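A.B. asks: The structure follows.
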Amino acid sequence: MAEAGSGISRSVTDQQGFQLRGLCGDVELYGHQGVHDGLMDFCTRWSDGLDILTDDADKIGATLTRAANAYRGIDDATARTLRTDPGQQAVNDG
């Protein structure tokens, strides 16, 4: 769970530096204003969608990390309460 949360957070960080809006370039590259404008509109819409997805992914990654930390804390606290290995007797009698 912690690894998944960390991986999602890394992906979000990588995506935040990339914007599709800047992908189009100048009108001269296309030779036609309408073609440029159509591609710009497409890139802007996709960029907006990616922003929404990365916001959601960031929240999911943070939630997974918090859950993993909570489980780890419970495991650590429980392990400290055990004075002996509860399975040792079964192994010895085996």
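A.B. asks: Rounding to the nearest 20 debye, state how big the charge dipole of the chain is about its Cα centre with +1 on each Lys and Arg Cβ and -1 on each Asp and Glu Cβ.
C.D. replies: With only Lys, Arg, Asp and Glu charged at Cβ, the dipole is about 480 debye.
A.B. asks: Once label points are set 7 Å from the Cα along Cα→Cβ at both residue 72 and residue 60, what is their separation, rounded to one decimal in nm?
C.D. replies: 2.2 nm
A.B. asks: Where a ≥ b ≥ c are the square roots of the eigenvalues of the C-alpha gyration tensor, would you call the chain rounded, which needs a/c under 1.5, or, failing that, prolate if a/b is larger than b/c, or oblate?
C.D. replies: The shape class here is prolate.
A.B. asks: Find how much the distance from residue 43 to residue 4 grows on full extension, using 0.36 nm per residue of separation minus their present alpha carbon separation; answer in nm with one decimal.
C.D. replies: Gain on stretching residue 43 to residue 4: 11.2 nm.
A.B. asks: Can you give me the angle between helix 33-81 and the longest principal axis of the chain, using Cα atoms only, in degrees from 0 to 90, rounded to the nearest 10?
C.D. replies: The two axes meet at around 10 degrees.
A.B. asks: Can you tell me the orientation of helix 2-16 relative to the chain, as the angle in degrees between its alpha-carbon axis and the longest Cα principal axis, to the nearest 10?
C.D. replies: In the chain, helix 2-16 runs at an angle near 20 degrees to the longest axis.
A.B. asks: Turning to a different aspect of this structure: Along the charge dipole of the chain, Cβ charges K/R +1 and D/E -1, which of 52, 79, 32 sits furthest on the positive end?
C.D. replies: Result: 79, furthest along the dipole toward the positive end.
A.B. asks: Right, next: Using a probe of 1.4 angstrom, how much of the accessible area of the chain is carbon and sulfur, in percent?
C.D. replies: 57 percent
The values are calculated or read from the model by the stated rules, or taken from the named source; none is laboratory data. If you're wondering where the values come from, they're calculated on a predicted model, not measured in any experiment. Note that each Cβ is placed from the backbone with ideal geometry, even for glycine, and that neighbours are counted across all protein chains shown. To get the accessible areas, we keep the full protein, side chains included, count just its heavy atoms, and leave off ligands, DNA and RNA. Shrake-Rupley method; radii C 1.70, N 1.55, O 1.52, S 1.80 Å.
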